[in-house]
1. Can you spot a residue in the range 279-301 that is among the polar types (S, T, N, Q), open to solvent by less than 50 Å² (accessible area, probe 1.4 Å) and farther than 18 Å from Val219 by Cβ?
2. Could you list, in sequence order, the residues of the range 380-402 that are in contact with a helix residue (DSSP H, G or I) (Cβ under 9 Å, 6 or more places away or on another chain) and charged (D, E, K, R)?
3. Scanning for something touching a helix residue (DSSP H, G or I) at 6+ places or on another chain (Cβ under 8 Å), among the small types (Gly, Ala, Ser) and buried (at least 20 other Cβ atoms within 10 Å of the Cβ), does the range 210-220 turn up at least one residue?
4. Name the single residue, out of those in the range 19-57 being among the acidic types (Asp, Glu) and more than 22 Å from Asn232 (Cβ to Cβ), that is surrounded by the most Cβ atoms within 10 Å (Cβ to Cβ).
5. Could you pull out the residue among Asp253, Asp272 that is surrounded by fewer than 16 Cβ atoms within 10 Å (Cβ to Cβ) and farther than 25 Å from Phe397 by Cβ?
6. Answer yes or no: is there a residue in the range 267-288 that is polar (S, T, N, Q) and either under 30 Å from Leu24 (Cα atoms) or not in a helix (DSSP H, G or I) (or both).
7. Output the number of residues of the range 358-369 satisfying the condition of being surrounded by 11 or more Cβ atoms within 10 Å (Cβ to Cβ) and either of a type outside the set (A, V, I, L, M, F, W, C) or touching a Phe, Trp or Tyr at 6+ places or on another chain (Cβ under 6 Å) (or both).
Amino acid sequence: MADIQGQFERLTRHAEHMIPADELRAKLERGKPLRVKLGVDPTAKDITLGWGVPLRKLRQFQDEGHTAVLIMGDFTARIGDPSGKSQTRPQLSTDQVLANAEACVAQLLDILSEDNLEIRYNSEWLEPMDLPALLKLTSMYTVAQMLERDDFSKRYADQQPISIVEFMYPLMQAYDSVAIQADVELGGTDQLFNLLVGRDLQRGFDQEPQIALTMPLLVGTDGVQKMSQSLNNYIAIREQPAQMFGKIMSIPDKLVGQYARLGTDFDDDTIDDLEKAAAVGGPGAGQAKRSIARGVVSLYHGDEAAGDAEAQFDRQFKEQAPPEEIPNAAIPHNAIDGLKVYLPRVMVELGLAKSGSDARRLIAQKGVKVNSVTVTNEEMALDDLGGAVLQVGKRQFVRLED
């Protein structure tokens with residue numbers, strides 16, 4: 001293994017919490033590969049740049065010779081992680097979770113190495129757990145300890161319901177660490193409580209407690225809330241390069257430093273320069289975002305794709321021309337009524353709007369075009385849409401087939 005100090009600095013770079021730091025250094029000094037855990041609940045099918053932050057940190061541990069243990073939370077996903085939530089989470093079906101897990105695993109390998117990787121499903125040890133084992137688990141933590149967690153304490157103070165099932169989530173995530181004998185567990189800052197429960201449970205099972213290492217949460221493209229598919233403020237790692245480039249160009253200037261720090265492989269001097277440029281604003285901030293957009297697209301799609309994406313962005317936004325490659329889609333049958341087409345339904349069915357009301361709002365705000373002409377009516381003639389290019393917002397294009 002590399003020198004301990006250098007390894008320690010690389011592995012803890014940009015980390016938010018490291019509890020306790022001296023134990024991590026001591027584990028590294030033993031010279032044995034560590035078992036580094038990251039749990040992923042497959043509640044959706046896309047891996048986002050937000051998920052990419054701890055995943056890329058896990059890859060750094062792999063590159064230093066440690067073993068990555070990726071926990072697919074196929075069992076815990078059915079409960080739903082209550083972290084940061086102000087109300088009880090809806091539970092997913094087993095079929096939904098397994099379909100999401102299958103889609104996620106393929107994408108995870110875009111970031112992680114297959115060489116020193118274990119992928120485990122926590123239903124392996126949680127599903128067979130009988131009542132005595134479950135009672136032993138619950139006896140290791142008190143209600144008072146659970147209410148120390150911020151989201152639980154706030155909901156309790158506001159008299160918002162908290163189900164017993166939600167109390168089980170941190171215990172089950174923590175038991176994952178016991179089951180795979182984790183030396184280190186990674187997560188976002190919102191997972192710190194759960195990671196520390198893992199330390200407590202490992203002590204209860206006579207294991208050496210894991211190190212809790214958290215990474216900052218990447219803010220979504222809205223500039224306000226953490227990146228989330230449910231909030232539609234995310235960028236997926238397998239998104240088309242031009243779409244990825246365009247979304248990064250749309251982030252607020254205040255996020256330049258965070259995206260450079262958490263989403264790229266840039267060195268500290270480059271990140272500092274980009275932050276300074278963004279703070280000044282104007283063209284400098286735009287150039288800073290270009291650098292980040294190129295860096296992120298290169299990371300997931302390669303340098304050539306990044307160059308093409310930038311050229312397409314310029315063609316579309318500087319020259320006001322549509323992209324060269326536009327996907328084709330049939331006009332949904334349920335949007336057609338005789339010789340008329342109801343445009344909001346087309347937009348919803350093709351994934352260009354979240355709902356009918358969202359689609360109508362976009363039309364009212366003049367954010368929808370057909371063949372570069374702004375649409376003002378919600379209904380259009382079928383003959384006018386066949387073969388036409390439908391544009392929603394600045395980045396979404398589709399060529400309609402009748």
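1. yes
2. Those that are in contact with a helix residue (DSSP H, G or I) (Cβ under 9 Å, 6 or more places away or on another chain) and charged (D, E, K, R): Lys394, Arg395, Asp402.
3. Yes: one or more hits.
4. Per the criteria, the residue is Glu23.
5. Of Asp253, Asp272, the one residue that is surrounded by fewer than 16 Cβ atoms within 10 Å (Cβ to Cβ) and farther than 25 Å from Phe397 by Cβ is Asp272.
6. Taking the range 267-288 and keeping what is polar (S, T, N, Q), we get 270, 287.
Subsequent filtering for residues that are either under 30 Å from Leu24 (Cα atoms) or not in a helix (DSSP H, G or I) (or both) retains 270.
Checking the range 267-288: at least one residue is polar (S, T, N, Q) and either under 30 Å from Leu24 (Cα atoms) or not in a helix (DSSP H, G or I) (or both).
7. Looking only at that region, the number is 5.
Each row is one residue, and each column tells you yes or no for (1) in contact with a Ser or Thr (Cβ under 9 Å, 6 or more places away or on another chain); (2) at pLDDT below 95; (3) over 16 Å from Ala182 (Cβ atoms); (4) not hydroxyl-bearing (Ser, Thr, Tyr).
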| site | (1), (2), (3), (4) |
| --- | --- |
| Val53 | no, no, yes, yes |
| Phe75 | yes, yes, yes, yes |
| Gln96 | yes, yes, yes, yes |
| Cys104 | no, yes, yes, yes |
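The values are calculated or read from the model by the stated rules, or taken from the named source; none is laboratory data. It should be emphasised that the depicted structure is a prediction, and the values quoted were computed from it without experimental measurement. Ideal geometry is used to build each Cβ from the backbone, glycine not excepted, and the neighbour counts take in all protein chains shown. Accessible surface areas use protein heavy atoms only, side chains included; no ligands, DNA or RNA. Shrake-Rupley method; radii C 1.70, N 1.55, O 1.52, S 1.80 Å.
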